[in-house]
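The next block holds one structure in the form of structure tokens; read it before the comments.
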């Protein structure tokens, strides 16, 4: 189900105005991505991974993969979606970076033990059916001292509250479990959102674990593609941010 969904709508592919066959399509996608989610740039810190082995789980259209490769990282990337990998390869070709991309499942990574200095994933682990298994695979493929940097959705956030109000309260279902509402109405069917305590349990094997909520444009979304100005995000308490940024070391 997850693969079928992202094959039909590769993540971010509906945002650019250009045709998917236009090379400008990928430039527009990257611009929109980093303007709307500028947290990526600081969190990924692309430049700091030069010469090191980086695995991205869930490459989507390849924007972050291209950034890692341009910065000199020895990058590999996987995605469950065949269509996403096809598009990410084209993006890599247009940017003259190595196409080390393949179809793969986060719960069964096709890599040897202790292969990577960094495992990075932005907005993917909340879509996998068994997040604990996926986290175990991250731990396995990291070198000793290697780092994970992963973003997942936060259940105790303003965006989750908006989901509850819109699909629960306003539709006469005030007692519907929030987990069910998120699974039914946030992107791919079966999507999850985590409490910070959930994340700490999932990543308990990692040292120096950090779990940081970040307020995002999606916390003050006014329409499908209409967002409050970024200055307004400062009015939302950080603890209510929709993104949880997770980092830890093996």
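The values are calculated or read from the model by the stated rules, or taken from the named source; none is laboratory data. For clarity, every value in this text was computed on a predicted model and none was experimentally measured. Glycine also receives a Cβ, built like all others from the backbone with ideal geometry; neighbour counts cover every protein chain displayed.
Candidates in the stretch 44-56 are the residues that are in a helix (DSSP H, G or I) and free of Cβ contacts under 8 Å to residues at least 60 places away in the same chain; of these, the one that is surrounded by the most Cβ atoms within 10 Å (Cβ to Cβ) is 46. Only residues that are assigned to a strand (DSSP E or B) and either touching a strand residue (DSSP E or B) at 6+ places or on another chain (Cβ under 7 Å) or in contact (Cβ under 8 Å) with a residue 24 or more places away in the chain (or both) were counted in the stretch 209-250, giving 15.
Among the residues of the stretch 57-72, those that are crowded, with 17+ Cβ neighbours inside 10 Å and either without any contact (Cβ under 8 Å) to a residue 40 or more places away in the chain or not in a loop (DSSP other than H, G, I, E, B) (or both) comprise 57, 62, 63, 64, 65, 66, 67, 68, 69, 71. Looking only at residues of the stretch 192-208 that are touching a residue at least 60 places away in the same chain (Cβ under 8 Å) and crowded, with 18+ Cβ neighbours inside 10 Å, we find that the one that is farthest from residue 153 (Cα to Cα) is 206. The set of residues in the stretch 16-37 being in contact with a helix residue (DSSP H, G or I) (Cβ under 8 Å, 6 or more places away or on another chain), surrounded by 16 or more Cβ atoms within 10 Å (Cβ to Cβ) and without any contact (Cβ under 8 Å) to a residue 40 or more places away in the chain consists of 16, 29, 30, 33.
Residues are listed down the side, and each one gets a yes or a no for (1) in a loop (DSSP other than H, G, I, E, B); (2) more than 23 Å from residue 107 (Cβ to Cβ):
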{"site": "140", "(1), (2)": "no, no"}
{"site": "144", "(1), (2)": "no, no"}
{"site": "152", "(1), (2)": "no, no"}
{"site": "159", "(1), (2)": "no, yes"}
{"site": "162", "(1), (2)": "no, yes"}
{"site": "170", "(1), (2)": "no, yes"}
{"site": "175", "(1), (2)": "yes, yes"}
{"site": "179", "(1), (2)": "no, no"}
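Residue count for the stretch 1-43, restricted to those that are farther than 19 Å from residue 93 by Cα and part of a helix (DSSP H, G or I): 17. Is it the case, given these coordinates, that residue 135 is touching a helix residue (DSSP H, G or I) at 6+ places or on another chain (Cβ under 7 Å) and either at pLDDT 95 or above or in a loop (DSSP other than H, G, I, E, B) (or both)? Judged against the criteria, residue 135 is a match.
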